Amino acid sequence: MFLIYGGTGAIGSAVARSLIGAGHRCHLVGRDGRKLEDLAMSLGADFTVGDVTDPALFEKASAASATDGHLSGLVYAVGNIRLKPFHRLSREEVLEDFSLNALGALEAVKAARGPLTAGKGSVLLFSTVAVGQGFSNHASVAMAKGAVEALTR
């Protein structure tokens, strides 16, 4: 079983389609219940509705997806991009971006650690080239995704 956060987004749903097409089972996580249910039904996947800014979601989704105590993989395909000059970013905006992009990824991996270890599973996290390139107006996402990159080291 693969646990995919952001399962209804462009990247998450493409990963799910690819995995299911290769004969794997997937458990999708997303906030739009109707969209999530429709996609899950069309793919033959399980799902959990929730928002990654809710800390309780991660244990709930991990428990629902690892019914046999194992996970083959976790995909955190959640993210946003707030394009603003750094001097116009509010503290609240930066904290929102960090919570969604970095803290959510950390919590997802932590909650699934046991089933991933038992299943010798892999973790797929997404970053941005803005971390290393320093593009204008990408300060908030670059900081958050830089933290995601630190999770892999």
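For residues in the stretch 108-128 being of a type in the set (S, T, Y) and not in a loop (DSSP other than H, G, I, E, B), which is farthest from E93 (Cα to Cα)?
Going through the qualifying residues, I end up with T117.
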Only one residue in V141, V131 is surrounded by 15 or more Cβ atoms within 10 Å (Cβ to Cβ), part of a helix (DSSP H, G or I), touching a residue at least 60 places away in the same chain (Cβ under 8 Å) and in contact with an Asp or Glu (Cβ under 8 Å, 6 or more places away or on another chain). Which one?
V141
Could you figure out which of (1) closer than 20 Å to A64 by Cβ; (2) in contact with a strand residue (DSSP E or B) (Cβ under 8 Å, 6 or more places away or on another chain); (3) at pLDDT below 95; (4) not basic (K, R) isn't true of A118?
(2)
Looking at A56, A66, A22, A16, which one is farther than 16 Å from F126 by Cβ and buried (at least 16 other Cβ atoms within 10 Å of the Cβ)?
A66
Boolean, N80 is in contact (Cβ under 8 Å) with a residue 40 or more places away in the chain and either part of a helix (DSSP H, G or I) or among the basic types (K, R) (or both)
no
Tell me, which residue of the stretch 94-128 that is touching a Gly at 6+ places or on another chain (Cβ under 7 Å) and not aliphatic (A, V, I, L, M) is least open to solvent (accessible area, probe 1.4 Å)?
N101
Looking for something over 24 Å from G134 (Cβ atoms), in contact with a Phe, Trp or Tyr (Cβ under 8 Å, 6 or more places away or on another chain) and of a type in the set (A, V, I, L, M, F, W, C) - is there at least one such residue anywhere in the stretch 88-106?
no
Residue list for the stretch 84-93, filter: among the charged types (D, E, K, R) and open to solvent by less than 70 Å² (accessible area, probe 1.4 Å)
K84, E93
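Output the residue which, of all residues in the stretch 144-153 that are hydrophobic (A, V, I, L, M, F, W, C) and surrounded by fewer than 20 Cβ atoms within 10 Å (Cβ to Cβ), is modelled with the lowest pLDDT. First the steps, then the outcome.
Narrowing the stretch 144-153 to residues hydrophobic (A, V, I, L, M, F, W, C): 144, 147-148, 150-151.
Of the ones still in play, those that are also surrounded by fewer than 20 Cβ atoms within 10 Å (Cβ to Cβ) are 147, 150-151.
Working: A147: 95, A150: 92, L151: 84.
Residue satisfying both the conditions and the ranking: L151.
The values are calculated or read from the model by the stated rules, or taken from the named source; none is laboratory data. All values reported here derive from a predicted model rather than from experimental measurement. Methodologically, a virtual Cβ is constructed for each residue, glycine included, from the backbone with ideal geometry; neighbour enumeration extends over all protein chains shown. Just the protein is used for accessible areas: all its heavy atoms, side chains included, with ligands, DNA and RNA removed. Shrake-Rupley method; radii C 1.70, N 1.55, O 1.52, S 1.80 Å.
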